[in-house]
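Colleague: Quick one: the structure is below, and I'll ask about it shortly.
Readers should treat all values here as calculations from the given coordinates under stated rules, not as data from a laboratory. Note that this is a predicted model, so its numbers are computed, not measured. Backbone-built Cβ (ideal geometry, glycine too); neighbour counts: all protein chains shown.
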Amino acid sequence: MDFVEAIPNAVASRLDDQSIHLWRIPYASSQRRAPLVALLAGYLGIPESTVTLGEDARGKPYLANATGARGDGAALEFNWSHSGDYALIAVSRRGTVGVDIERLGKNLRAIEIARRFFDAGEADVLAALDPEARDHAFIGLWCAKEAVLKAVGEGLSFGLARLAFAHVGAADWDLAMADSALGEAQDWHVSGFDPAPGYRGCLAWRGGNRRILAFRSPAVTPG
């Protein structure tokens, strides 16, 4: 996926009901939610100081101020994730979205985790891969599960085995089975990608096809 340099207020008008905007930005944990607030302010065309975020019962953030009140047709739906030196932010005007980013090269216990928490078929697929390919595939699968769960406001406590994916190659997975609480598996779009060298990401949404426009901050990125 190619991320084109842009600034939020310059591309906000291109966000419509048929598209999702995906941002990759440099990130440090000390920034907390400041980059997210700055990006949302750019889309809303308001000062950052007037952006108010709330959290639902499961901790998923949403726009709480009147400008972005839920139920407002012009409001933004968004989701974000960060790992290492980067964050990903997905923005939509129709339907919820979920996004996840993970840094590769971690000290993984892929088979142990998969056998304990994943669908048995997924664990079998991972066990059949050589170690290097296994770790890449495992991170891709983890991102896919996280992105779907985050789109509906669920966390890991929902149960990672309540959605199962089919391995389609390397770090790519397609949703094959979903708990009824998530809707029908065929209604989901799950798009995995490499957002930067050494990272894996995934974007998920439920519903029809969307155009994905990928942007990056004009700030100098790490590496």
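Colleague: Work from the charge dipole of the range 13-141 (Cβ charges, +1 for Lys and Arg, -1 for Asp and Glu, about the Cα centre) and give the residue of Leu141, Phe78, Ala123 farthest towards its positive end.
Modeller: Farthest towards the positive end: Phe78.
Colleague: Let me ask you something else. Using the Cβ atoms and a cut-off under 12 Å, what net charge is assigned to the surroundings of Asp194, where Lys and Arg are +1 and Asp and Glu are -1?
Modeller: 0
Colleague: Setting aside same-chain residues fewer than 8 positions from Lys106, which lysines have a Cα under 24 Å from its Cα?
Modeller: Candidates past the 8-residue exclusion: Lys145, Lys150.
Colleague: So, one more: Based on Cβ point charges of +1 for Lys and Arg and -1 for Asp and Glu, what charge dipole magnitude is obtained for the chain about its Cα centre, in debye rounded to the nearest 20?
Modeller: 480
Colleague: Count the DSSP beta bridges whose two residues both fall in the chain, then state the antiparallel fraction as a percent rounded to the nearest 5.
Modeller: Of the beta bridges lying entirely in the chain, close to 80 percent run antiparallel.
Colleague: Sticking with this structure for a sec: With the contact rule set at Cα under 8 Å and sequence spacing of 6 or more, what percent relative contact order holds for the chain?
Modeller: Rounded, it is 26 percent for the chain.
Colleague: Determine the relative contact order of the range 115-223: mean sequence separation of Cα pairs under 8 Å and six or more apart, normalised by residue count, in whole percent.
Modeller: 24
Colleague: Nearest 0.05, what FRET efficiency do Glu48 and Asp194 give at R0 = 30 Å with Cβ-Cβ as r?
Modeller: 0.50
Colleague: In Å and whole numbers, how far do the C-alpha atoms of the range 4-216 stretch along each principal axis, longest first?
Modeller: 52, 35, 29
Colleague: Once phi is turned into ³J(HN,Hα) by the Karplus curve 6.51 cos²θ - 1.76 cosθ + 1.60 with θ = phi - 60°, what whole-Hz value does each residue of the range 38-43 show in order, with x for glycine and proline?
Modeller: 4, 5, 5, 4, x, 5
Colleague: Give me the number: length gained by fully extending Arg116 to Val4, i.e. 0.36 nm times residue separation minus the C-alpha to C-alpha distance, one decimal in nm.
Modeller: Gain on extension, Arg116 to Val4, equals 36.4 nm.
Colleague: State, as an integer percentage, the relative contact order of the range 27-140 based on alpha-carbon contacts under 8 Å between residues 6 or more apart.
Modeller: About 15 percent, as a whole number.
Colleague: Could you give the dipole magnitude of the range 36-158 about its Cα centre, charging the beta-carbon of Lys and Arg +1 and that of Asp and Glu -1, in debye to the nearest 20?
Modeller: Computed charge dipole of the range 36-158: roughly 220 debye.
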